[in-house]
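Trainee: Below you will find the structure I want to go over with you.
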Amino acid sequence: MTTEETADVKLVEHTVQTTLGTIAVSEAGEGPVLVMLHGGGPGASAVANYHQNLPALTRQFRVILPDQPGFGGSYRPTEADLDARSITEITVDALLQTLDALGIDRFHLLGNSLGGAAAIATALEATERVEKLVLMAPGGGWLPFGPTPTEGQKAMFRYYNGEGPTLKKMRDFIGVMTAEPKRWADTAQARYEASLDETHIAFYHAYNAAFAKRHGMDPLWQHVHKVKCPTLLLWGRDDRTITLDGAQLMLKQIRDVQLHVFGGCGHWVQLERQAEFERLVTDFLKEH
């Protein structure tokens, strides 16, 4: 266990041994537990995706930030692992084992994109443990009405192909992920450097191949009517990765649900609309 200071927040860092492999977890704050699952772009990790939100959220919550299998400091699923189970099934298994090891029974759960798929699947599997659910353009729960793969999905596939990762490719990727990419030059550099890890690159090739074999994410949209906990959907109107039209199905099927749409915002609500994101999440989770 180590302590790291980031964005004026002291993070305690754990490694948790699960039957799948080692999961890296950072945490900070006190109060009700909020588990935050990151998206799946190249170079992603929990702290990289959410560090800017920690000063606000750790004032109200004990924030748990696991690196999902394949990302950050966590173990890398093999091609055989990804053939046997989807990345979402693997992540849910690893997440619940991790929370058990940390002695966490009930928790709020937030997920973006790939992490949104794992959040939905966790809420379906561990119904009595998830108190409230926040989904930001979640994979799996979304049924696209336009062409697929989307522009954002194509950008992810391209990143490690051809000549491999470059800073220009990362800038192009962030240009698709966000509505105002010039604001995030520092993010591009940091994400590019993180994306160069050889084990992450190998995982990403296996992950993309498995994604193609499975024809995309698990079809969680077929089961979202079984989500019992209060749910907040956050979506960028200009999201080109998991498009806003897919929200309609979840709005119709989840019993206790609300949607907030941000104009001039892409796929990374927590970054592009930081203050509003933090206020909406805090208000939603604190409301009885």
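Trainee: Alpha carbon centre of region 234-252 versus region 162-206: separation in Å?
Mentor: 23 Å
Trainee: What's the lysine pair count for region 2-286 at a Cα cut-off below 20 Å, pairs eight or more apart or interchain?
Mentor: 12
Trainee: When a footprinting reagent is the concern and you count Cβ atoms within 10 Å, what order do Arg255, Arg85, Arg191 take, fewest first?
Mentor: Arg255, Arg85, Arg191
Trainee: Taking amide H atoms as placed 1.01 Å from N in the peptide plane, list the residues 5 or more away in sequence, or in a different chain, whose amide H sits under 5 Å from that of Val257.
Mentor: Correct list: Thr231.
Trainee: Could you give the length gained on full extension between Phe145 and Phe157, defined as 0.36 nm per residue of separation minus the Cα-Cα distance, in nm?
Mentor: 2.3 nm
Trainee: Using the number of other C-beta atoms within 10 angstrom as an exposure proxy, rank Glu30, Glu287 with the fewest first.
Mentor: Listed from fewest to most nearby Cβ atoms, that is Glu287, Glu30.
Trainee: Would you report the distance distribution of C-alpha pairs in region 201-279 as whole percents per 5 angstrom bin, up to the bin with the largest distance?
Mentor: 3, 13, 18, 17, 19, 17, 10, 3, 0
Trainee: Can you list the HN-Hα couplings for region 274-286, worked out from phi with the Karplus curve (6.51, -1.76, 1.60; θ = phi - 60°), rounded to whole Hz and with x for Gly and Pro?
Mentor: 3, 5, 5, 4, 5, 5, 5, 5, 4, 4, 5, 6, 7
Trainee: In addition: Give the whole-number value, in cubic angstrom per residue, of the convex hull volume spanned by the C-alpha atoms of the chain.
Mentor: 118 Å³
Trainee: With r as the distance between the Cβ atoms of Thr19 and Leu167 and R0 = 25 Å, compute the FRET efficiency 1/(1 + (r/R0)^6) and round to 0.05.
Mentor: Computed FRET efficiency for Leu167 and Thr19: 0.10.
Trainee: If you don't mind, another one. Gaussian network model of the chain, Cα springs within a sub-10 Å range: biggest mean-square fluctuation belongs to which of Glu198, Glu125, Glu89?
Mentor: In the Gaussian network model the winner is Glu198.
Trainee: Amide H of Lys132: which non-local residues (sequence gap of 5 or more, or other chain) have their own amide H closer than 5 Å, using H built in the peptide plane?
Mentor: His108, Leu109
Trainee: Which peptide among 9-20, 128-139, 225-236, 99-110 comes first, and what is the full order, when sorted by highest mean count of other Cβ atoms within 10 Å?
Mentor: By packing density, highest mean first, the sequence is 128-139, 225-236, 99-110, 9-20.
Trainee: I would also like to ask the following. In nm, to one decimal, how far is the modelled label at Lys213 from the one at Glu193, with both set 7 Å along Cα→Cβ?
Mentor: 3.5 nm
Trainee: Which net charge results when you count Lys and Arg as +1 and Asp and Glu as -1 among the other residues whose beta-carbon is under 10 Å from that of Pro32?
Mentor: Local net charge: +2.
Trainee: With the contact rule set at Cα under 8 Å and sequence spacing of 6 or more, what percent relative contact order holds for the chain?
Mentor: 19 percent
Trainee: Using the Kirkwood radius over Cα pairs, work out the Stokes-Einstein diffusion coefficient for region 49-153 at 25 °C and 0.890 mPa s, in µm²/s as a whole number.
Mentor: 164 µm²/s
Here, each number is a calculation from the coordinates, and none is a lab measurement. The structure presented is a predicted model; accordingly, all values stated were derived computationally and were not measured. In this analysis, Cβ positions are derived from the backbone assuming ideal geometry, glycine residues included, and neighbour counts consider all displayed protein chains.
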